[in-house]
Amino acid sequence: MLKNKTIMITGGTGSFGNRFLPMTLQKYNPNKIIIYSRDEMKQWDMAMRFKGDPRVVFAIGDVRDTERLSRVMTGVDYVVHAAATKIVPTAEYNPSECIKTNINGAMNVIEAAQDQRVLGVVALSTDKACNPINLYGATKLASDKLFVASNQPSSALSTRFAVVRYGNVMGSRGSVIPFFLSCAKENILPITDEKMTRFMISLEQGVKLVWHAFANMHGGEIYVKKIPSMNIMDIAKAIAPKAVTKIIGIRPGEKMHEQMVGIEDAPHTYEYNGYYKILPAIHGWSNDPARIGDGKKVALNFSYASDTNSEWMSVQELRKWIELYHDSGVS
């Protein structure tokens, strides 16, 4: 589906874009991938790694700028919306800036995509958008709602929008693994709470979920990958088993456990091989046979949370992942 197409990634110099770019170039051989972001230094570094590949194009711009978005989207077939203000404490202390990027930016991406007749847009979301307790999660919930509601039921030619929801992305910037690795040099690991749990997903799995969303979506779906959980203490053991752990308490706006499907979403959620799909409650789309496909409706009291997950990653499995990927710089 992406073969010979033009793809644009907002926030494309982040961890996701750095994995999506080489994987998609190799698998689909698109006509062009446009990396759209506001950090010229990150673009320069990324451009050096892909120097000589005419399929890779860079464009400076901000999702807050609708006019620039629309201009760069000219001729684009598919958009991955990865740009966001993501650090929980940063959002708590700078709420207006978080809203401008995560909510206003989402609206700008939607309007530009519709104006330029983009075929499909997949937006990256977060577990924190499910029953949010912090501003970051609240803005991503609003963003998710915007993307879901922007699908037009009356026109087959309209731009299609869907969302993919992730847990903790292993090795991504700002995530716990690189943070613990840096702290391990001092032989002290700060732990928020010994009972804390997190979902664990690799960047490669995240990229493949986006591919699946593009191929599968009819518009308005939220895709949730089935992934294992880990306790924060086991993550610490995997990274620095001899380090001293220091309990520092939960940061402002931080959750004890992650949740990607809440009980409130259960009436509209279906289970598939390897993932869940939350269908839109609007327009009767949660009962649409085309959107449901071969899915099985979950129980009414169903929720998908990191502490009640049936699948868990072991200390040995995480150590193996670190040896294979993080140490080699792949992530």
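Throughout, read-outs are computed from the coordinates displayed, never taken from laboratory work. Because the structure is predicted, anything quoted here is derived from the model rather than measured. Quick reminder, even Gly has a Cβ in these numbers, built from the backbone with ideal geometry, and neighbours come from all protein chains shown.
Here are the numbers for this structure:
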| quantity | calculated |
| --- | --- |
| Neighbours by Cβ (under 9 Å, 6+ apart or cross-chain): first from the range 183-198, without any contact (Cβ under 8 Å) to a residue 60 or more places away in the chain; second of a type in the set (Ser, Thr, Tyr) | ILE188/THR245; LEU189/THR245; PRO190/THR245; ILE191/THR245; GLU194/THR245 |
| Selection count, the range 104-130, where residues are among the polar types (S, T, N, Q) and outside any helix (DSSP H, G or I) | 3 |
| The range 279-296, residues that are within 14 Å of GLN152 (Cα to Cα) and in contact (Cβ under 8 Å) with a residue 40 or more places away in the chain | PRO280, ILE282, HIS283, TRP285 |
| Criterion (hydroxyl-bearing (Ser, Thr, Tyr) and assigned to a loop (DSSP other than H, G, I, E, B)) met by exactly one of THR74, THR90, THR101 | THR74 |
| Which listed residue, of LYS296, LYS225, is buried (at least 19 other Cβ atoms within 10 Å of the Cβ) and charged (D, E, K, R) | LYS225 |
| Within the range 203-303, helices (runs of 4 or more DSSP H) holding 3 or more residues that are under 27 Å from VAL121 (Cα atoms) and among the small types (Gly, Ala, Ser) | 203-216 |
| Given (1) in a loop (DSSP other than H, G, I, E, B); (2) closer than 19 Å to SER15 by Cβ; (3) touching a residue at least 60 places away in the same chain (Cβ under 8 Å), index of the condition ILE133 fails | (2) |
| Scope the range 50-67; condition more than 23 Å from the chain's Cα centre (by Cα) and in a helix (DSSP H, G or I); matching residues | GLU67 |
| Residue check for LYS5: surrounded by fewer than 21 Cβ atoms within 10 Å (Cβ to Cβ), of a type in the set (D, E, K, R), in contact with a Lys or Arg (Cβ under 9 Å, 6 or more places away or on another chain) and over 18 Å from VAL164 (Cβ atoms) | yes |
| Residue list for the range 299-310, filter: surrounded by fewer than 16 Cβ atoms within 10 Å (Cβ to Cβ) and out of contact with any Ser or Thr (no Cβ under 8 Å at 6 or more places or on another chain) | ALA299, LEU300, ASN301, THR308, SER310 |
| Single residue of the range 127-163 satisfying the filter (β-branched (Val, Ile, Thr) and surrounded by fewer than 24 Cβ atoms within 10 Å (Cβ to Cβ)) that is farthest from ARG251 (Cα to Cα) | THR159 |
| Test: residue in the range 175-183 that is of a type in the set (Val, Ile, Thr), closer than 22 Å to MET1 by Cβ and touching a helix residue (DSSP H, G or I) at 6+ places or on another chain (Cβ under 7 Å) | no |
